[in-house]
């Protein structure tokens, strides 16, 4: 019976074993009970590689005689979307309607619209919207399309859709206004914020905390500290507004950016008093990172202990802590936290070791970074493109150009997460080194690989060669790596939830 169970768990890997397990599961269905721990949610959660087919897993589940309700499929889509597995979520969404003939609610349609925009692009999302029956194009669906336009920073289309929503009298809450306000803020069109805020007031639409937060960030972005402080005071006495910890965190960031560290720390302390319930994990990790920005190591470790006191410590917390300690130049502390993560992690993510590799490379410890990558491979795990790219940058910074070229080639060939592109400064130096060595064929091979994998960086060498001082490319490469780390760190914060397994 144990052999039978093993077949069931691994049957999708080989078609022959798959057929055997299907037969056996049907034959023994009356005499054996399914493992209660073997759920469709667990199977899909474990199949995290972007190339894995969700359709195959779902079809196999049904072939084994298991049931899958529409509510389960909907929940799967929402869970995958929450963890940024948008391609997988779209596969499940389309499988629901194409294979199971499930009718889609307006909410399902809105989610699919968002997924198509993220996975296949804005044009395909518009094509899907045009295929939606008029009767189903309700506020929720129009709002989803507006979000797509905002995400792609397509201002003209967003403004045109917003006007259509006005005509349909859909703008009865702050939700769509907040989308447009945030788009104006991201595009630096701060003058448009006040116009839209006045329209909200004229139409009797109350500003919620998101509305206020966008305006607060606009003041901060324009270095209007006085305006930010006046707005904070107004928010504090607004009887219809309940302030949460995020408000003061937002203010703290702008104070720190303006060099007003003490005021920023005051905001962080205010923020901590408002933390409660399910938001604790995210709040502590956010504060931990900001105390690192302020240079307060004692507070970083205090917040780390608060994170650990919540129970299970997720990958996101380890990522925040390692990142924070490297900001504070505490490489020994970062190593200790990293070793702790290695000993306790249940759900592996390459982002955590990538941060440690970056820290080694910035410190000139490329030997340590290389040793870890080798151990990483020996343990049966595959480095991704970012791993090799950062190692290439470390070798570059240490003047080990032959190793840098080899690591860059592996980066280009390796699986990539999201929209990875090579570090342009490291790539430029690699190509220049090959040219100087007379290895023009190898340089052309790298460029060919880049073109085949649709990287926009194929022309970066000529641009860098003319625009930058080659002697300074090593420093710029390390700076670029640091900027990329901040982006990843921010993205991790966006997807942290209490039941996160990432």
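Take the Cα of residue 131, step 7 Å along the line toward its Cβ, and report every residue of the stretch 69-95 whose backbone nitrogen sits under 18 Å from that point.
Hits in the stretch 69-95 for residue 131 at 18 Å: 87-95.
Relative contact order, percent, of the chain when contacts are C-alpha pairs under 8 Å separated by at least 6 residues?
Relative contact order of the chain: 7 percent.
Quick check on the chain: helices-only [θ] at 222 nm, where DSSP H runs of length 4 and up contribute -39,500 (n - 2.57) each and the sum goes over total residues. Nearest 500, please.
-22000 deg cm²/dmol
Starting from the Cα-Cα distance between residue 72 and residue 203, subtract it from 0.36 nm times their residue separation and give me the gain in nm to one decimal.
Gain in length upon complete extension: 43.2 nm.
Under the Kirkwood approximation for Rh and a Cα-based Rg, what ratio Rg/Rh is obtained for the stretch 85-147?
0.93
For the stretch 147-208, how big is Rg over Rh, using alpha carbon atoms and the Kirkwood form of Rh?
Here the Rg-to-Rh quotient is 0.93.
What nm distance separates the two modelled labels at residue 169 and residue 305, each placed 7 Å from Cα along Cα→Cβ?
Result for the modelled spin labels: 6.0 nm.
The stretch 352-457: D in µm²/s via Stokes-Einstein (Kirkwood Rh, Cα pairs, 10 °C, 1.306 mPa s)?
Details: Rh = 13.7 Å.
For the chosen part, D equals 116 µm²/s.
State the extension gain, in nm to one decimal, for the chain segment bounded by residue 278 and residue 451, taking 0.36 nm per residue of separation less the distance between their alpha-carbons.
Fully extending the segment from residue 278 to residue 451 adds 57.7 nm.
For residue 159 and residue 190, FRET efficiency with R0 = 25 Å and r from the beta-carbon atoms, rounded to 0.05?
Details: r = 16 Å, r/R0 = 0.64.
Once rounded, the FRET efficiency stands at 0.95.
Using R₀ = 41 Å, calculate the FRET efficiency as 1/(1 + (r/R₀)^6) where r is the Cβ-Cβ separation of residue 381 and residue 224; round to 0.05. Don't skip to the end; give the middle numbers.
Values: r = 48 Å, r/R0 = 1.17.
Efficiency computed from Cβ-Cβ geometry: 0.30.
Can you give me the pair-distance distribution of the stretch 355-415, C-alpha pairs, 10 Å bins, whole percents?
Per 10 Å bin, starting at zero, the Cα-Cα P(r) for the stretch 355-415 comes out as 28, 59, 13 percent.
So how far, in whole Å, is the C-alpha centre of the stretch 381-404 from the one of the stretch 296-329?
One Cα centre to the other: 27 Å.
Roughly how far apart, in whole Å, are the Cα centres of the stretch 42-56 and the stretch 157-198?
If we compute the Cα centre of each part, the gap is 38 Å.
Using every alpha carbon pair in the chain, what percent of pairs falls into each 20 Å bin from 0 up to the bin containing the largest distance?
Bins of 20 Å from zero give 19, 48, 31, 2 percent of pairs.
Contour minus end-to-end for residue 49 and residue 363, with contour as 0.36 nm per residue of separation and end-to-end as the Cα-Cα distance?
Additional length available on full extension: 109.9 nm.
Values in this text are rule-based calculations from the coordinates and carry no lab data. Owing to the predicted nature of the structure, the values given are computational and were not obtained by experimental measurement. In this analysis, Cβ positions are derived from the backbone assuming ideal geometry, glycine residues included, and neighbour counts consider all displayed protein chains.
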